[in-house]
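What follows draws every value from the coordinates through simple rules; no lab data is involved. These numbers were taken from a predicted model, which means no experiment stands behind them. Neighbour counts run over all protein chains shown; Cβ positions are idealised from the backbone, glycine included.
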Amino acid sequence: MTVLTGLDPWSHHVRDHNWALPSGIPLLSERLKSAGYDTAAVVPSATLREEFGFSRGFDFWSNGHYGHDVVTSPAMTGQALQWLSLRRAARDARPWFLWIHFWDPHYNYLPPSPYDQSFPSQWRPAPGTRFDMTELKNHEAPLRPQETAFLRTQYEGEILYTDRYLADLLDFVEQAWGGEKTLIVLVGDHGEAFQEHGWLTHTIRVHEEMIHVPLVLRWPGHLPGGARHEEPVSLASVTPTILEALGLESPAGAFDGAGLWHGARGGGAPSAAGALPIVSETIRGASLSALRDGSWKYILDMNACTGTLFDLAADPGEAHDLAAAEPERAAAMRSALLAFYRDNPRAAATKPEPMPEESDEDLELLRSLGYIGATTRDRFGDAVTFAGRTDPGNCR
């Protein structure tokens with residue numbers, strides 16, 4: 001939802017499975033539709049359902065009922081190609097926007113053959129062995145090093161498999177319209193952990209392996225090729241960047257992320273990126289929030305009200321907490337992070353809208369995917385239940 005609104009979760013309020021997007025907050029699809037674009041989406045239904053508000057502004061909406069043990073890239077790419085083919089056959093002159101949310105690079109890490117053998121692994125499980133990541137992610141360090149190394153090769157196989165279908169999609173667009181007419185935006189919504197800090201998969205911590213994702217823009221003739229920027233930016237920058245690229249103006253202060261287009265087009269660093277706070281949070285399995293300031297990263301535990309500080313330039317693996325060694329910096333970043341929550345006028349101006357009552361089937365699907373009803377367990381096996389809310393009122 002942050003990608004499609006340009007707002008942080010604290011602003012758009014869709015922070016868990018039981019809240020929907022307030023009606024007064026527009027999606028990127030609605031902004032483009034009002035500008036004359038034909039809009040389409042191909043997404044998985046479990047977490048991107050209409051009830052959350054995701055379908056607003058889309059002329060064509062396809063959401064398949066996918067789970068963790070289902071291969072989906074062929075079907076999703078097929079639906080996207082069918083929609084694009086119909087547009088081309090109809091000679092529709094309107095500009096178009098297509099959002100496809102690939103699902104396969106995701107646990108349970110089950111790439112089909114031969115992609116399960118694409119990356120070498122010194123250890124392989126016995127035939128029939130199944131790693132249930134929905135269960136394993138709720139335990140700290142549940143797997144041996146050789147097991148996590150093997151699962152990483154399977155995750156990489158899923159990425160390679162999905163890339164093959166992404167190539168089909170991009171090839172069709174290139175042949176039908178030409179690259180110079182199409183802006184391609186490739187972005188991940190989360191990373192994936194393999195016990196770098198004791199935990200697996202995503203959503204339960206805010207370490208870099210879970211939140212550092214790619215953002216790639218391609219538009220020949222409009223962007224210089226090969227430019228790479230290391231400065232941190234937010235997923236909330238995606239929507240304002242796209243609107244800037246298309247020449248569609250937005251009111252000042254409409255987004256929590258800075259538009260990156262003008263900086264990227266000039267080949268220099270997107271200088272506006274540092275003007276707004278870059279915040280990451282989770283309320284699943286823990287209540288954690290992180291703030292970036294250049295290479296510095298501060299993580300605040302909203303339950304314990306304790307913080308850790310890392311210099312990612314010198315310590316990209318977040319192994320050395322510098323909060324005690326850099327007390328002034330830690331205090332300043334803590335204060336800025338709390339101010340981000342307490343002094344956000346947009347969050348105060350809109351109210352979260354509860355989801356319609358969910359069916360038993362929907363709840364069971366979300367539970368099976370690990371999105372509700374989970375607790376974490378410490379290394380001694382004791383259950384630890386968290387409040388499940390990032391509440392700055394808890395901390396001073």
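Please sort by residue number the trypsin sites (Lys or Arg not before Pro) in segment 198-267 whose DSSP state is loop and whose Cβ has at most 16 other Cβ atoms within 10 Å.
Numbers: sites: Arg205, Arg218, Arg228, Arg265; in loops: Arg205, Arg228.
Those that pass, being in a loop and sparsely packed, are Arg228.
Extension gain Ile184-Gln122, at 0.36 nm per residue separation less the Cα-Cα distance, in nm?
Working: separation 62, 0.36 × 62 = 22.32 nm, distance 3.71 nm.
Here the answer is 18.6 nm.
In segment 135-178, inverting the average of 1/r over every pair of distinct C-alpha atoms gives 13.0 Å as the Kirkwood radius. For segment 57-194, taking Cα atoms only, Rg and Dmax work out to 18.0, 56 Å respectively.
Shape of segment 155-196 from its Cα gyration tensor (a ≥ b ≥ c, root eigenvalues): rounded if a/c is under 1.5, otherwise prolate when a/b > b/c, or oblate? Please list the in-between numbers first.
Numbers: a/c = 5.97, a/b = 2.17, b/c = 2.75.
In terms of gyration-tensor shape, oblate.
Here r is the Cβ-Cβ distance between Arg130 and Arg152 and R0 is 22 Å; the resulting FRET efficiency, rounded to 0.05, is 0.85.
Charged side chains reduced to their Cβ positions (Lys and Arg at +1, Asp and Glu at -1) give the chain a dipole of some 680 debye around its Cα centre.
With 10 Å bins beginning at zero, the pair-distance distribution over Cα atoms of segment 149-271 amounts to 11, 34, 33, 19, 3 %. The calculated 222 nm mean residue ellipticity attributable to helices in the chain amounts to -8500 deg cm²/dmol, summing -39500 (n - 2.57) over DSSP H runs of n ≥ 4 and dividing by all residues. Applying both filters, DSSP loop and at most 14 other Cβ atoms within 10 Å, to the chymotrypsin sites (Phe, Trp or Tyr not before Pro) of segment 113-165 gives Trp123.
Which value, in nm² and rounded to one decimal, describes the direction-averaged projected area of the C-alpha convex hull of segment 29-120?
Numbers: hull surface 28.9 nm².
Directional mean of the projected Cα hull area for segment 29-120 stands at 7.2 nm².
The Arg342 and Asp59 beta-carbon pair, evaluated with R₀ = 30 Å, returns a calculated FRET efficiency of approximately 0.15. Between Ala254 and Glu196, the FRET efficiency estimated from the beta carbon spacing at R0 = 35 angstrom works out to 0.45. Taking 10 °C and 1.306 mPa s as conditions, the chain diffuses translationally at an estimated 71 µm²/s according to Stokes-Einstein applied to its Kirkwood radius (Cα pairs). Sparse packing (at most 10 other Cβ atoms within 10 Å of the Cβ) combined with a DSSP loop state is found for the following trypsin sites (Lys or Arg not before Pro) in segment 51-91: Arg91. Counting only residues at least eight positions apart within a chain, or on another chain, the aspartates and glutamates with an alpha carbon under 13 Å from that of Lys33 are Asp59. Amide H contacts of Ile278 (H built 1.01 Å from N, in plane; Pro and chain starts excluded): Arg292 sit under 5 Å, all sequence-distant by 5 or more or on other chains.
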